[in-house]
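To start, the structure itself, in structure tokens.
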Amino acid sequence: MIYKSYYQSPIGKLLLASKENKLMGLWIEGQKYYLGNLKEELQENNTEEILVKTKKWLDRYFDAEKPEISELELAPIGSEFRKNVWKLLCKIPYGEITTYKSIAENVAKLMNRKQMSAQAIGGAVGHNPISIIIPCHRVIGTDGSLTGYAGGIDKKIKLLKLEKVDLKDIKV
């Protein structure tokens, strides 16, 4: 059974999803790839431990308290490649940004390949099923541009500003 709960955040309504008491999804209402590849029916449950814990984590995040990703048990659904990308996203420190190119270089090393396409990385980043917590908003183009964000560029900017990222040299 997949459980769901909603959270009203400063960037809009969020849908949280869990299975076996692990967080498997967090989507901003109306975002691209909303619900990802979930095919099962979701049952509302506002008392599931991981969902309650995630809401508290989000409260702290939106209060700029810098909660650690490791505080939550995550179980995103995706290919091995996408999971490798999402693990690297989790290593981007709060308040810092990186580029698709940098992630591509790191994924290539992880997979024992000479190189990896930044476009392939962009696809994996865009399909991140646990927005905000797996911080895909911290990834920008090599040229300093705020390239796509499934939740919308306006929300990406709000999240980066919340984390006090210096946006003066970032291109929108």
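The values are calculated or read from the model by the stated rules, or taken from the named source; none is laboratory data. Keep in mind the model is a prediction, meaning the values are calculated, not measured. Note that we place each Cβ from the backbone using ideal geometry, even for glycine, and neighbour counts take in every protein chain shown. Quick note on the areas: whole protein, heavy atoms, side chains included, nothing else; ligands and nucleic acids left out. Shrake-Rupley method; radii C 1.70, N 1.55, O 1.52, S 1.80 Å.
Hey, could you check segment 108-125 for residues that are surrounded by 15 or more Cβ atoms within 10 Å (Cβ to Cβ) and assigned to a helix (DSSP H, G or I) and say which is nearest to the chain's Cα centre (by Cα)?
Step by step, filter segment 108-125, then rank; the result is Val125.
From the list Lys32, Lys101, exactly one residue is touching a residue at least 24 places away in the same chain (Cβ under 8 Å), open to solvent by 90 Å² or more (accessible area, probe 1.4 Å), within 23 Å of Ile157 (Cβ to Cβ) and not in a loop (DSSP other than H, G, I, E, B). Which is it?
Just one listed residue meets the conditions, Lys101.
Any residue in segment 69-88 that is more than 25 Å from Lys56 (Cβ to Cβ) and of a type in the set (Lys, Arg) sitting within a Cβ distance under 6 Å of a residue that is open to solvent by less than 30 Å² (accessible area, probe 1.4 Å) and assigned to a helix (DSSP H, G or I)? List the pairs, counting only those 6 or more apart or interchain.
Qualifying pairs under 6 Å: Arg82/Ala124.
Regarding Val52, is this residue under 17 Å from the mean Cα position of the chain (by Cα) and open to solvent by less than 80 Å² (accessible area, probe 1.4 Å)?
It is false that Val52 is under 17 Å from the mean Cα position of the chain (by Cα) and open to solvent by less than 80 Å² (accessible area, probe 1.4 Å).
From the list Leu42, Leu15, Leu23, Leu51, which residue is in contact with a strand residue (DSSP E or B) (Cβ under 6 Å, 6 or more places away or on another chain), of a type in the set (A, V, I, L, M) and touching a residue at least 60 places away in the same chain (Cβ under 8 Å)?
Of Leu42, Leu15, Leu23, Leu51, the one residue that is in contact with a strand residue (DSSP E or B) (Cβ under 6 Å, 6 or more places away or on another chain), of a type in the set (A, V, I, L, M) and touching a residue at least 60 places away in the same chain (Cβ under 8 Å) is Leu23.
Would you please name the residue that is farthest from Lys19 (Cα to Cα), looking only at residues in segment 66-82 that are loosely packed, with under 13 Cβ neighbours inside 10 Å and at pLDDT 95 or above?
Once the filter is applied, the top-ranked residue is Lys66.
Matching residues to (1) surrounded by 12 or more Cβ atoms within 10 Å (Cβ to Cβ); (2) more than 20 Å from Lys161 (Cα to Cα); (3) in contact with a helix residue (DSSP H, G or I) (Cβ under 7 Å, 6 or more places away or on another chain):
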residue	(1), (2), (3)
Ser9	yes, no, yes
Ser18	yes, yes, yes
Leu58	yes, no, no
Tyr61	yes, no, no
